[in-house]
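Please read the structure below before turning to the comments.
The values are calculated or read from the model by the stated rules, or taken from the named source; none is laboratory data. Quick caveat: nothing in here was measured; it's all calculated off a predicted structure. Reconstructed Cβ throughout: ideal geometry from the backbone, glycine too, with neighbour counts over all protein chains shown.
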Amino acid sequence: MTTHECDVVVVGAGTAGCYAAASLAQDGLDVVVVERKDESEAGHIACGDALKGADAFPEAIPKSRIEGSFTNTGVDHGRFELPAHDTVLDIPVPGELAVIDRQGFGRRIIDGAESAGATFHYDTVVQDVLQEGDRVTGVRGIRKGDPVTYEADVTVDAAGALSILQDKADLDGATFDTNVSYSQFCSAYREIVEVPDPVEWDDALVFKPTQRAAGYLWYFPRTSTTINAGLGFQMTEEPMKLVHDLRADLERRPEFAGAEVQDKLGAALPTRRPYDSAVAPGFVAVGDAAGHVNPTTGGGIAGAAYAGTYAAETIVDARDDPTEAALWAYNERVMDHFGGRYAGLDVYNVLSTAVDVDDLMGLLASLPGEKLAEALYSGSTSMGLALKLKSAIKSFGYWGTILDFYRTKQLAEELIDRYDAYPSGPEGLSAWQAERDGVMDRVYETTGADPKY
Ligand SMILES: Cc1cc2nc3c(=O)[nH]c(=O)nc-3n(C[C@H](O)[C@H](O)[C@H](O)COP(=O)(O)OP(=O)(O)OC[C@H]3O[C@@H](n4cnc5c(N)ncnc54)[C@H](O)[C@@H]3O)c2cc1C
């Protein structure tokens, strides 16, 4: 058995882990990142490869380091294909958008964290946490076949969706959110496909509802001839045959005739609100391991980068005694930056489990694109009277859905307000949760959806 001692052990060399490690190392902490994959596979992650908000990424890893992996920066809108309604909707996406070579990006952020001074241990599978009472004191696992332990002041769980660390740790005495179940996740699969001729939509992220179950297909152009094609469905729904269903759609599209598959990967991603608290004594969860994904688009790279950075900055301040209260500032920064907004967007996910998908798509086809973009990215939207009337005429037939949507939108806004009042310490969490749950009860009542949490 080998034992390593360090200030911070980070589990997972994905986006959250690399940004956390880079920031911690820059502040002079001794940080080890443990990753189950080998060095050549690290950073190879199932993803749609769309990167939103790249212009405003945290500085822990300079943008100049990652830019080389941006293979398509000409993308500026979403293209929603709604075949059942014979409609294609072009919706602008605010902020900088790029489609990236995900493995290249993964490699570059590892290099960025390494240059900042972090140490990487590959081929190391974490199997358990070390704990003294309530406090997490490190992890244990297998490195290249040999048992290994890492003793650390703080353990950062950056191990992605459904992280094993949270199954193993006893977090009952902490505020750490354990109200997590598979039904709050999406199962997704993607292929990188090379097409013989350039596609016409190389300036768009293409989305399309799947035929069965509430899910969607996507086609994201890495270049005009290299396409990331994938699909996912919410795990509350009947399972889809992901590989089969993707293949069926590819075969229907003439632009994919003669295409060659270069790479295939699948994974789960959280499509839920962020964890109410992602800290416990000596323990912080970041990125997918704490639900930091936009639950309506599935975009999680930006949230992971920010969460990793915020966690690192908080750990630096709290390292002498990393109690829950000392680490709390991390929760506050996440909720303030994107947590409240993502919780608001999650309300629309709840609605989509209760509303007929066809109705929802019909509604989508009848509403103005820019208003949908606003709703999709900010969690709320407002519409002038003239536009409301115009949309109302167009959307005749979906008025029941519109009414549900309107009421749900009001509740989403109320929920975002609750997140603005997120408590400033662990002692305020349960009272805050009770008020927030009151809003959620009204969401379930209004939408008719089964409770998600
Ligand atoms: C199919 C799919 C498509 C997606 N498309 C997009 C998109 O287009 N845009 C976007 O922004 N987001 C997208 N996402 C989400 C995005 O990929 C994630 O939100 C993001 O990668 C989260 O980063 P992370 O660092 O938290 O976790 P991950 O990237 O999952 O990294 C976790 C790391 O931990 C390692 N690990 C796990 N368990 C252990 C263990 N026990 N021991 C040691 N190491 C371990 C893993 O090997 C991995 O390297 C998509 C996700 C999926 C599944």
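With respect to (1) farther than 30 Å from Arg79 by Cβ; (2) of a type outside the set (A, V, I, L, M); (3) touching a helix residue (DSSP H, G or I) at 6+ places or on another chain (Cβ under 6 Å), the lone exception for Asn179 is condition (3). Check the stretch 317-326 and report whether any residue there is closer than 22 Å to Ile164 by Cα, within 12 Å of the ligand (Cβ to nearest atom) and either modelled with pLDDT of 95 or more or not hydrophobic (A, V, I, L, M, F, W, C) (or both). No, there is no match, as no residue in the stretch 317-326 is closer than 22 Å to Ile164 by Cα, within 12 Å of the ligand (Cβ to nearest atom) and either modelled with pLDDT of 95 or more or not hydrophobic (A, V, I, L, M, F, W, C) (or both). Which one is nearest to the ligand (Cβ to nearest atom), of the residues in the stretch 1-28 that are over 19 Å from the mean Cα position of the chain (by Cα) and among the hydroxyl-bearing types (Ser, Thr, Tyr)? If we take residues in the stretch 1-28 being over 19 Å from the mean Cα position of the chain (by Cα) and among the hydroxyl-bearing types (Ser, Thr, Tyr), then Ser23 is nearest to the ligand (Cβ to nearest atom).
Within the stretch 286-321, the set of residues being out of contact with any Phe, Trp or Tyr (no Cβ under 8 Å at 6 or more places or on another chain), surrounded by 23 or more Cβ atoms within 10 Å (Cβ to Cβ) and not aliphatic (A, V, I, L, M) comprises Gly287, Asp288, Gly300. Given the condition surrounded by 19 or more Cβ atoms within 10 Å (Cβ to Cβ), of a type in the set (Phe, Trp, Tyr) and in contact with a Lys or Arg (Cβ under 8 Å, 6 or more places away or on another chain), answer yes or no: does some residue in the stretch 185-193 qualify? Yes, the stretch 185-193 contains at least one residue that is surrounded by 19 or more Cβ atoms within 10 Å (Cβ to Cβ), of a type in the set (Phe, Trp, Tyr) and in contact with a Lys or Arg (Cβ under 8 Å, 6 or more places away or on another chain).
Residues that are modelled with pLDDT of 85 or more and closer than 28 Å to Tyr330 by Cα number at least 3 in the following helices (runs of 4 or more DSSP H) confined to the stretch 371-453: 399-420, 429-447. Remark: pairs (first residue in the stretch 170-190, farther than 16 Å from Gly291 by Cα; second residue within 16 Å of the ligand (Cβ to nearest atom) and among the charged types (D, E, K, R); Cβ separation under 8 Å; 6+ apart in sequence or on different chains) = Tyr189/Lys264; Arg190/Lys264. Of the listed requirements (1) in contact with a Pro (Cβ under 7 Å, 6 or more places away or on another chain); (2) under 24 Å from His77 (Cβ atoms), Leu231 misses just one: (1).
Sort out for me the strands (runs of 3 or more DSSP E) sitting completely within the stretch 58-167 that have 3 or more residues that are over 18 Å from Tyr306 (Cβ atoms).
Details: elements: 70-72, 77-82, 87-92, 97-100, 119-121, 124-132, 135-143, 146-157.
Qualifying strands (runs of 3 or more DSSP E): 70-72, 77-82, 87-92, 119-121, 124-132, 135-143, 146-157.
Take the conditions (1) within 22 Å of Ala204 (Cα to Cα); (2) within 13 Å of the ligand (Cβ to nearest atom); Ala42 misses just one of them, which is (1).
Given the structure, is Val129 closer than 16 Å to Gly299 by Cβ and in contact (Cβ under 8 Å) with a residue 24 or more places away in the chain? Please lay out each step first, then the result.
On the way: closer than 16 Å to Gly299 by Cβ: no; in contact (Cβ under 8 Å) with a residue 24 or more places away in the chain: yes.
For Val129, the condition - closer than 16 Å to Gly299 by Cβ and in contact (Cβ under 8 Å) with a residue 24 or more places away in the chain - is not met.
Of the strands (runs of 3 or more DSSP E) that lie entirely inside the stretch 200-275, those containing 3 or more residues that are free of Cβ contacts under 8 Å to residues at least 60 places away in the same chain span 215-221, 226-234. For the stretch 259-291, filtering for residues that are touching a Gly at 6+ places or on another chain (Cβ under 8 Å) and near the ligand (Cβ under 7 Å from one of its atoms) leaves 6.
Determine which member of the set Gly300, Gly308, Gly232 is within 12 Å of the ligand (Cβ to nearest atom) and modelled with pLDDT under 95. Don't jump to the end; show me each part of the working.
Details: Gly300 fails: modelled with pLDDT under 95; Gly308 fails: modelled with pLDDT under 95.
Exactly one residue qualifies, and that residue is Gly232.
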